[in-house]
Amino acid sequence: MSGRVSGKIVGKGGVIAASVMVGIGNNVIRVVLVVLFLAGSCVDPYRPPEISAPNKFLVVDGFLNGLGISTVRLSRTQNLTENKKPPVETRAIVQVEDEKGTGHTFVDQGDGTYTLEQGRLQMGQTYRLKIQTAAGRNYASDYVTIKRTPPIDDLSWKAREDGVQFYVSTHDETNNTRYYRWEYEETWEYYSAYYSQFKYLKTQFLYREDNINHCWRTDKSNSVSVATSDKLSQDVIARFPLTFVSASASNRLKVRYSILVKQYALTAEAFDYWQNLKKNTEMLGSLFDPQPFQAAGNIHGITDPDEPVVGYLNSHSMEEKRVFIESSELPSWRIPNGYEACEADTYLLKPPPTEVSAVAMGEAGFIPIDAVLNSIGNVHGYRMASPACVDCRVVGTNVKPSFW
């Protein structure tokens with residue numbers, strides 16, 4: 001997780017809440033840390049000290065993986081008024097140890113990410129995480145037992161009126177899982193508005209070797225998806241509605257789309273944490289929605305027991321499943337390509353004094369698309385447009401994913 005700190009007070013009587021903006025991986029969500037309810041009737045907007053407080057709470061995002069690589073990300077909370085990326089916590093010592101004190105040290109990747117190679121941890125065993133920052137402050141998690149995640153039985157989808165609804169199904173024949181969480185990654189293929197045959201380099205227009213018209217983009221989920229079978233006689237999750245992809249809000253479904261779903265088994269305590277986090281981030285909109293409250297994690301300050309720590313150490317294996325959707329499988333929707341506002345203009349190499357030259361536009365960052373010939377077949381200009389319309393790498397990559 002990574003984050004920002006904020007505060008909110010409504011009225012001379014109302015809700016007072018200090019909160020942090022935190023991220024799961026690269027996705028930012030809000031977690032409320034402190035809440036106080038006061039009596040009263042007047043409404044007075046007020047910017048409390050929490051908005052500009054110098055607090056930089058530690059944020060811990062990660063899980064212990066019994067069947068793969070374990071990853072922990074460390075960062076610091078950030079005020080909502082700050083526009084830069086939340087600071088990562090580097091040069092920390094991150095260790096995991098069992099109840100007998102046998103430990104392993106994570107490898108510092110240099111970007112706030114710490115990893116432990118596969119095979120160091122065992123399914124069903126109990127561990128805790130220990131962190132010592134570069135400043136010498138110590139933190140530790142509660143002991144957690146690594147749970148085995150059952151496989152995903154089915155990842156299905158159904159075309160609705162204006163988009164695709166995805167469902168996930170799973171079960172545990174031993175009835176020992178009961179609590180589940182899902183994350184997903186979306187990848188889709190797309191094309192920019194124009195195919196560029198040329199590139200501009202040091203006052204020259206040269207033939208382009210690479211294709212910057214055809215790209216792929218991957219986004220990670222930014223919502224909390226949890227479910228439980230605790231009230232059921234059988235440990236079965238049938239067609240849980242995971243996410244809806246609109247056919248009109250983006251170009252995701254225009255060419256080819258894929259979703260990779262990751263499933264995790266949770267303990268009852270971890271489920272409560274994620275459920276509370278969901279209430280704090282996705283269900284606050286009216287007086288009738290759940291009120292914000294502290295989503296207490298299982299990581300604590302050792303140097304200062306009163307210091308808040310944001311995050312929850314999960315412990316489980318991971319199961320995943322991927323599906324693809326071809327545009328030919330979908331109804332005849334009018335799916336946007338994302339470049340509807342793009343326009344290209346022609347710029348001459350030797351324009352009249354009142355016009356801008358192709359070289360000047362190249363220096364300004366515009367990308368040549370194709371050459372414009374005069375009446376005798378010589379190049380006397382280029383059709384050009386902004387990078388946002390020509391270079392698909394502005395929002396994605398032209399490197400084809402290995403799974404595509």
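Each reported figure results from applying straightforward, stated rules to the coordinates on display, with no laboratory input. Since we're looking at a predicted model, the values are computed, not measured. Counting neighbours? That spans all protein chains shown, and the Cβs are built from the backbone with ideal geometry, glycine included.
What trypsin sites (Lys or Arg not before Pro) does the stretch 81-150 have in DSSP loop regions with at most 14 other beta carbons within 10 Å? Here the sparse-neighbourhood loop sites are 84, 91, 100. Counting only aspartates and glutamates at least 8 places from residue 279 when in the same chain, those with an alpha carbon closer than 12 Å to its own are 289.
Dividing the alpha-carbon radius of gyration of the stretch 53-193 by the rule-of-thumb value 2.2 N^0.38 Å gives 1.35. Length gained on full extension, residue 234 to residue 402: 56.7 nm, using 0.36 nm per residue less the C-alpha separation. For the stretch 187-322, the C-alpha radius of gyration sits at 1.59 times the compact-globule guess of 2.2 N^0.38 Å, with N the residue count.
Legend: Rg and Dmax of the stretch 219-287, from Cα coordinates, 15.2, 43 Å.
Spin-label pair residue 69-residue 220: with each label point 7 Å from Cα along the Cα-Cβ axis, the two points sit 1.3 nm from one another. Only lysine pairs 8 or more places apart, or on different chains, with alpha-carbon atoms under 28 angstrom apart are counted in the stretch 42-198, and they number 7. Ordering 63, 240 from the fewest to the most neighbouring beta carbons within 10 Å gives 240, 63.
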